[in-house]
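The values are calculated or read from the model by the stated rules, or taken from the named source; none is laboratory data. Quantities reported herein were computed from a predicted structural model and do not represent experimental measurements. Cβ placement follows ideal geometry from the backbone for every residue including glycine, while neighbour counts extend to all protein chains displayed.
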Amino acid sequence: MEFSGIRNNEVVGIVLRLTIFGAVTYYGIKWMVETLDPTKKQKVEAQKRAENLMKKIGVSNCEKLTEYEMTIASHLVDPLSIQISWDDIGGLDDVVTELRDTVILPLKKRDMFAQSKLLQPPKGCLLHGPPGCGKTMIAKATAKEAGARFINLQLSSLTDKWYGESQKLAAAVFSLAVKLQPSIIFIDEMDSFLRSRDSHDHEATAMMKAQFMSLWDGLVTDQACYVIVMGATNRPQDVDRAILRRMPATFHVGLPSLKQRESILNIILREEYTAEDVSFHEVARLTEGFSGSDLKELCRTAAVLRVREYIEADEEDGDTPFRMKAINMSDLLQALTKQKKSKSAAIFGMFGSPLPLD
């Protein structure tokens, strides 16, 4: 009995030591993996940001979301934080009207269109056209006006160093969108993410694209699912044809016409102090080929000229009281000359001889 007791104590001691060793090993390896994972800190911050965002926009039951869904939820957009509305978009009345009828109305009036399959919102819509013409502005206004959860998806949120994690994140995009429906998934610069597939694609990238398209087509639910994927690109020819097939509603946002440029200038300068000699029609006539962002930069340069004149006067007189000068036609023409010179120099630098660095 004494020998048996000693033996039992030894066995208990061995088991206890093995248990402690196993626990230390487990938590040690876990600590090493978390330490070596460069994205661990970003994941924790993303989950905290997601919780705050979801509380702000009124989403409950955050605890029912998976770790991957919480990571994607950090890209939710709070509609109250968006300062752009349809009134801030000039010259695109036809696009806005069609977008409202095709996308926004079926989301806001679901009961009205529930009995018709043809009146259901499309699963995807594409905004394409030259850069700087208002595609992202339209997406922001849609997020504000649609009354739907808006996920501003970024490629960096779907990439992970661990094998298989990107596919799980891609699946979480749609599972989260379904849980929060009606929802809109917006992908800016879509050609960089869902470009045409070829044999040179990395295995992980190809699998992520395949997973994304598979879930998009089915949306892991029935036809009454109110989830829309909205994309924007200035290179639609580079987007995979299978992706374009999933985006039946396409909207071309091209360079503004004369009338559209006049409307854009009116919106940009409506809250600025302008002189009576400013002619929006004349400036619009002289800016053929300009995009909306070019017109905004033109007006910004003209506004800066007012400040420059004040600074020069203050340096001469010593203590000149600040008095905001109105933007006049001369300022706009001077800014136009400067911008055209810069644009022509940039084009010459790309397609002609390289520009000097000094």
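Being over 21 Å from residue 185 (Cβ atoms) and not basic (Lys, Arg): is that true of residue 90 here?
Taking the combined requirement at face value, the residue satisfies it.
Need a quick list: helices (runs of 4 or more DSSP H) entirely within region 97-210 having at least 2 residues that are under 20 Å from residue 246 (Cβ atoms). Please lay out each step first, then the result.
Values: elements: 105-108, 110-113, 135-145, 165-179.
Of the helices (runs of 4 or more DSSP H) lying wholly inside region 97-210, those with at least 2 residues that are under 20 Å from residue 246 (Cβ atoms) span 105-108, 135-145, 165-179.
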Per the filter on region 262-295, residues modelled with pLDDT of 90 or more and among the basic types (Lys, Arg) are 285
Criterion (surrounded by 13 or more Cβ atoms within 10 Å (Cβ to Cβ), farther than 30 Å from residue 252 by Cβ and touching a residue at least 60 places away in the same chain (Cβ under 8 Å)) met by exactly one of 103, 59, 95, 77: 59
Can you name every residue in region 48-96 that is assigned to a loop (DSSP other than H, G, I, E, B), under 18 Å from the mean Cα position of the chain (by Cα), of a type outside the set (Ser, Thr, Tyr) and more than 30 Å from residue 116 (Cβ to Cβ)? 75, 78, 82, 83, 84
Only one of these conditions is not met by residue 140: (1) among the charged types (D, E, K, R); (2) surrounded by 19 or more Cβ atoms within 10 Å (Cβ to Cβ); (3) at pLDDT below 75. Which number is it? (3)
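Against the definition (within 22 Å of residue 88 (Cα to Cα) and assigned by TED's automatic domain parsing to the domain that holds residue 47), how does residue 148 come out, yes or no? Write out each step before concluding.
Values: within 22 Å of residue 88 (Cα to Cα): yes; assigned by TED's automatic domain parsing to the domain that holds residue 47: yes.
Taking the combined requirement at face value, the residue satisfies it.
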Which of the residues spanning region 175-200 are within 18 Å of the chain's Cα centre (by Cα) and under 16 Å from residue 155 (Cβ atoms)? 185, 186, 187, 188, 189, 190, 191, 192, 193, 194, 195
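Answer yes or no as to whether residue 67 is surrounded by fewer than 19 Cβ atoms within 10 Å (Cβ to Cβ), under 29 Å from residue 157 (Cα atoms) and not aromatic (Phe, Trp, Tyr). I'd like the intermediate steps shown before the answer.
Numbers: surrounded by fewer than 19 Cβ atoms within 10 Å (Cβ to Cβ): yes; under 29 Å from residue 157 (Cα atoms): yes; not aromatic (Phe, Trp, Tyr): yes.
Answer is yes for this residue.
Residues are listed down the side, and each one gets a yes or a no for (1) among the hydrophobic types (A, V, I, L, M, F, W, C); (2) touching a strand residue (DSSP E or B) at 6+ places or on another chain (Cβ under 8 Å); (3) farther than 28 Å from residue 213 by Cβ:
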position: 83; (1), (2), (3): no, no, yes
position: 97; (1), (2), (3): no, no, yes
position: 103; (1), (2), (3): yes, yes, no
position: 106; (1), (2), (3): no, no, no
position: 115; (1), (2), (3): no, no, yes
position: 120; (1), (2), (3): no, no, no
Tally the residues that are over 26 Å from the mean Cα position of the chain (by Cα) and within 13 Å of residue 88 (Cβ to Cβ), restricting the search to region 270-307. 2
